[in-house]
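K.L.:
Below: one structure in structure tokens.
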Amino acid sequence: MKKIMIDGVSYIEEGDIIKSKENDNHKYVIIRTYSAGVHAGYLEKEENMKVVLKNARRIWYWEGAATLSQLAMEGTSKPEACKFPCEVDEITLVAIEIIPTTEKAKESIRNVPVWSA
């Protein structure tokens, strides 16, 4: 992300704003759905379990955590074995479970190499 300082104020290039959600108050969460699988991303909006995630990754397959709860608290101890495709800018899902993550887990999930077929 590119930043410049002018008179002590930090500015971010417009194209980097979505990618810089770490600086916002949006929580990084894991979402479990009935039919669309599991996703992790920044919770933009939640209303009646309909959620909008920004910078979201599908958690297609994971190892190194016994459950989604452990993944949300500790991340994965086996990132090379996980299958997390690339991030999408935004996705809307109907959640049956919303699990806030720790900072450690967020970094672990975000740092899993992009899996592709």
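The values are calculated or read from the model by the stated rules, or taken from the named source; none is laboratory data. As the structure is a prediction and not an experimental result, all values here were calculated from the model. Backbone-built Cβ (ideal geometry, glycine too); neighbour counts: all protein chains shown.
K.L.:
Can you go through A65, A56, A40 and tell me which one is modelled with pLDDT of 95 or more, within 16 Å of K104 (Cα to Cα) and in contact with an Asp or Glu (Cβ under 7 Å, 6 or more places away or on another chain)?
P.N.:
From the options A65, A56, A40, the qualifying one is A65.
K.L.:
Filter the stretch 66-97 for residues that are surrounded by fewer than 16 Cβ atoms within 10 Å (Cβ to Cβ) and touching a residue at least 40 places away in the same chain (Cβ under 8 Å) and give the result.
P.N.:
D89, E90, T92, V94, I96, E97
K.L.:
Please pick out the residue among V94, V52, V112, V29 that is in a loop (DSSP other than H, G, I, E, B) and of a type in the set (V, I, T).
P.N.:
The unique qualifying residue is V112.
K.L.:
If a residue must be of a type in the set (K, R) and within 11 Å of the chain's Cα centre (by Cα), how many such residues does the stretch 97-117 contain?
P.N.:
2
K.L.:
Hey, does the stretch 60-79 have a residue that's assigned to a helix (DSSP H, G or I), among the small types (G, A, S), under 15 Å from Y28 (Cα atoms) and within 14 Å of the chain's Cα centre (by Cα)?
P.N.:
Yes.
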